[in-house]
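What follows is one structure encoded as structure tokens, with my remarks underneath.
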Amino acid sequence: MALSIRGVIEGFYGPPWTHADRLDLLGFCGAHELDTWVHAPKDDPYHRERWRDPYPDAELTLLAELAAAATRHGVDFVWSVGPGLSMRYSDDAELATLVAKCEQVRSAGIHAVHLLWDDVEHDLHGPGDEERYGGEVKPSAAAQADVSNRFRAAFRQEAPLVVCPMGYAGIERTPYRDTFARLLDPEILVYWTGPEVVSQAITRADLDSAADSFAHELLLWDNYPVNDFDNERLFLGPLRGRDAGLARGALAGILGNGMVQPVPSKLALATIADFARDPDGYDPLASYERALAEHGPEVVEALRTLAPSPADVTRPEDVAQLVEALAPGVDAATGLALLEPFA
């Protein structure tokens, strides 16, 4: 049983992918039956720090080109916004500014927006916030749930609204989650990264506990193969450690968060696509062999631009050994040496 939402999220810190990179990867998504692209680069100033400001015309034109390309490839293009660094949650004028920004994006042909509260502090941003939410156990959770609900009502979209909470990793109940879950509209989906921010394994039991703690259906923001915590460490192997039973739980889908390096991300993202289409039939080694056959040569060429000479390493004898050698993450020179015989 395929997951309903299968896709890629550009959700890392560091240099965003270029326009050409995104166009290339949208084609990749279409070829691998990934149906969703979420535009969430943390270092796009109009996504977080300058969320109130409209996009300049030139930037909006590029977004329109991406949305059109996504449509050609059968991919839903989602724009996301993270206003939590500075938003005065209780201020209706702030909500109106947020909706106006999203309407500008909609004018570029983008019809779905996700709302992200990740990686911000618990601070409230004005006396009105304190008056409105200060009586809750976790005022920040109350504020973010309230804005999410008001935004959903003010900015109508066909797809369900997805929001990312502050406590997006873990499986346990917390005061933040208790407040957020109680107040958040039941129709809203909630992002979750698994038991950890970067999860080595995610079981059905993990999902069940997390869904219970949030009391909402979840969307897995899978932080694989993302490497923004160490840009020179590349994750070039297949997705592993994901329970097929996730597809039968309260999970709407999976989005793979790519690396800062777009082309090398394709090997892992291709295997995420295979898992998302058929979790029960997913075989990491077989999937990875297909990814190598299709994308190995271009990944090797991309690695050569990062490391002109391969490292002096023991070459794996087969794909199984290759996968184990790549699992911890490798630098570009090591990745080049390991992958060359298989590409």
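The values are calculated or read from the model by the stated rules, or taken from the named source; none is laboratory data. In this text, all values refer to a predicted model and were calculated from it rather than measured experimentally. Heads up, the Cβs are rebuilt from the backbone with ideal geometry, glycines too, and the neighbour counts pull from every protein chain shown.
Given the residues Val147, Val137, Val120, which is the only one that is out of contact with any strand residue (DSSP E or B) (no Cβ under 6 Å at 6 or more places or on another chain) and in contact (Cβ under 8 Å) with a residue 60 or more places away in the chain?
Val147
Can you list residue pairs whose Cβ atoms sit under 9 Å apart, with the first residue in region 47-71 being touching a residue at least 12 places away in the same chain (Cβ under 8 Å) and the second being assigned to a loop (DSSP other than H, G, I, E, B) and basic (Lys, Arg)? Count only pairs 6 or more apart in sequence or on different chains.
Note: pairs meeting the criteria are Arg48/Lys42.
Residues are listed down the side, and each one gets a yes or a no for (1) touching a Cys at 6+ places or on another chain (Cβ under 6 Å); (2) assigned to a loop (DSSP other than H, G, I, E, B):
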{"site": "Val78", "(1), (2)": "no, no"}
{"site": "Ser90", "(1), (2)": "no, yes"}
{"site": "Glu94", "(1), (2)": "no, no"}
{"site": "Lys101", "(1), (2)": "no, no"}
{"site": "Gln104", "(1), (2)": "no, no"}
{"site": "Ile110", "(1), (2)": "no, yes"}
{"site": "Val113", "(1), (2)": "yes, no"}
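Name every residue in region 306-324 that is closer than 17 Å to Leu267 by Cα and free of Cβ contacts under 8 Å to residues at least 12 places away in the same chain, in order of residue number.
Answer for region 306-324, where residues must be closer than 17 Å to Leu267 by Cα and free of Cβ contacts under 8 Å to residues at least 12 places away in the same chain: Asp318, Gln321, Glu324.
Give the residues of region 21-43 that are of a type in the set (Asp, Glu), more than 15 Å from Asp274 (Cβ to Cβ) and modelled with pLDDT of 95 or more, sorted by residue number.
Listed by number, the residues that qualify are Asp21, Asp24.
State yes or no: is Ala40 small (Gly, Ala, Ser) and in contact with a strand residue (DSSP E or B) (Cβ under 7 Å, 6 or more places away or on another chain)?
yes
Every residue in region 12-42 that is touching a Pro at 6+ places or on another chain (Cβ under 6 Å) and charged (D, E, K, R), please.
Asp21, the sole residue that qualifies.
Go through region 305-339 and give me each residue that's of a type outside the set (Gly, Ala, Ser), surrounded by 15 or more Cβ atoms within 10 Å (Cβ to Cβ) and part of a helix (DSSP H, G or I).
Leu306, Val319, Leu322, Val323, Leu326, Thr334, Leu336, Leu338, Leu339
Of the numbered conditions (1) out of contact with any Phe, Trp or Tyr (no Cβ under 6 Å at 6 or more places or on another chain); (2) among the hydroxyl-bearing types (Ser, Thr, Tyr); (3) surrounded by 20 or more Cβ atoms within 10 Å (Cβ to Cβ); (4) closer than 30 Å to Glu324 by Cβ, Thr193 fails exactly one; give the number of that condition.
Thr193 satisfies every listed condition except (1).
Just to verify a result, which residue in region 128-187, among those that are β-branched (Val, Ile, Thr) and in a loop (DSSP other than H, G, I, E, B), is nearest to Ala93 (Cα to Cα)?
Top of the filtered list is Val137.
Just one of the numbered conditions (1) in a loop (DSSP other than H, G, I, E, B); (2) on the phi < 0 side of the Ramachandran plot is not true of Glu33; which one?
(2)
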